[in-house]
Amino acid sequence: MTVPTRRSVLRSLAATPAISFIAMPHVARAAEFDLKYGNNLPLSHPLNIRAQEAAERIAKESNGRVEIKIFPNNQLGGDTDMLSQVRNGGITFFTPSALVIATLVPVAAINAVGFAFADYDQVWKAMDGKVGAHVREAIAKANLFAFEKMWDNGFRQMTTSGKPIETAKDMAGLKIRVPVSPLSISMFKALDAAPASLQFSEVYSALQTRVVDAQENPLPIIQVAKLFEVQKNCAISNHIWDGFWFIANGRAWRGLPADIQKIVGDAINDAGVKQRGDIKALNATVQADLQSKGLAFNKTDPETFRAKLREAGFYKEWQERFGAEAWGLLEGAVGKLA
């Protein structure tokens, strides 16, 4: 299957699908294992396209024993609702971002430490390696099963209505909207900015009326929400990377035969790796599109931000919160932070 184009993906992000699930290919008999998967993304987002491929592969390789019904676009409720449902067995699978599952498993937020990752090579070194293994063990203690390969949600970038952000000094006093996340609020305060936690639905109007002057999000979200209409500059800061953990209800997963676990696991992990490539390609085309709409881009000096965060005690604080073991594994992948 071809990688989705920027146009098809972004069109889908603005629309709610009318179907309740993605139907699996017809099989001659009822499936032995009928599994539900919920997520918060539109039907044609790369996550759902690759999940659909995985579901079809699983149906085929299991000879129809397994059917996965996919409920996209918050059809089963918001993130908090679906996290509760996957915990109690109402749904089998869910793909929360690390920041969402961190409300249950705090160490899961470690991948969102500010300016930790220089690039995707470091991201996957950590999350496919010892950092990811450590987080999966913590998730297992919450009676959930996390698949080996994390799916991509992208790096977050900063936009402003005023002067561009190039170094940490440009953050002083900046009124910037951030999500309701203790880690994000802590980071921007340490950078001497004035973070304001607002729901995403309020971001455009808050920027338009100058309640805030800046915001931060992955590029596809900046495009979909048309934030280029109320922002002038975009700093490629890569200040936070976030991804989706593909998780399963622990009891339901343990109840699957070993051969079915292997079929499901292989298909989902392979699909996750393909989805990573989709997001990387999508980000490149979105930047070009945003530039054509008048949003100016500039690079930043990440070391000035890291130095400021060190000086403010941000890394030391979160080293203590996450614990020495988890922090040591992170620094083993990205280098010294604290």
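The values are calculated or read from the model by the stated rules, or taken from the named source; none is laboratory data. No experiment lies behind these values; they were computed from the predicted model shown. Here the Cβ positions follow ideal geometry from the backbone for every residue, glycine too, while neighbour counts run over all protein chains shown.
Tabulated values for the structure
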{"quantity": "Unmet criterion (only one of (1) out of contact with any helix residue (DSSP H, G or I) (no Cβ under 7 Å at 6 or more places or on another chain); (2) at negative phi) for GLY173", "calculated": "(2)"}
{"quantity": "Test for ALA55: is it crowded, with 22+ Cβ neighbours inside 10 Å and assigned to a helix (DSSP H, G or I)", "calculated": "yes"}
{"quantity": "Scan of segment 208-253 for residues that are touching a helix residue (DSSP H, G or I) at 6+ places or on another chain (Cβ under 9 Å), part of a loop (DSSP other than H, G, I, E, B) and not small (Gly, Ala, Ser), ordered by number", "calculated": "VAL211, VAL212, ASP213, PRO218, LYS226, VAL230, GLN231, TRP245, PHE246"}
{"quantity": "Some residue of segment 15-34 being surrounded by 20 or more Cβ atoms within 10 Å (Cβ to Cβ), in the same structural domain as GLN261 (by TED's automatic domain parsing) and at pLDDT 95 or above", "calculated": "no"}
{"quantity": "Conditions (1) of a type outside the set (Val, Ile, Thr); (2) surrounded by 16 or more Cβ atoms within 10 Å (Cβ to Cβ); (3) outside any loop (DSSP other than H, G, I, E, B): number failed by LEU256", "calculated": "(3)"}
{"quantity": "Total residues in segment 292-318, condition buried (at least 19 other Cβ atoms within 10 Å of the Cβ) and out of contact with any strand residue (DSSP E or B) (no Cβ under 9 Å at 6 or more places or on another chain)", "calculated": "6"}
{"quantity": "LEU329 vs. criteria more than 30 Å from VAL230 (Cα to Cα) and outside any helix (DSSP H, G or I)", "calculated": "no"}
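Residue by residue, here is whether (1) among the aromatic types (Phe, Trp, Tyr); (2) modelled with pLDDT under 95 holds:
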residue: VAL86; (1), (2): no, no
residue: THR95; (1), (2): no, no
residue: PHE117; (1), (2): yes, no
residue: VAL123; (1), (2): no, no
residue: ALA133; (1), (2): no, no
residue: GLU137; (1), (2): no, no
residue: PHE145; (1), (2): yes, no
residue: ASN153; (1), (2): no, yes
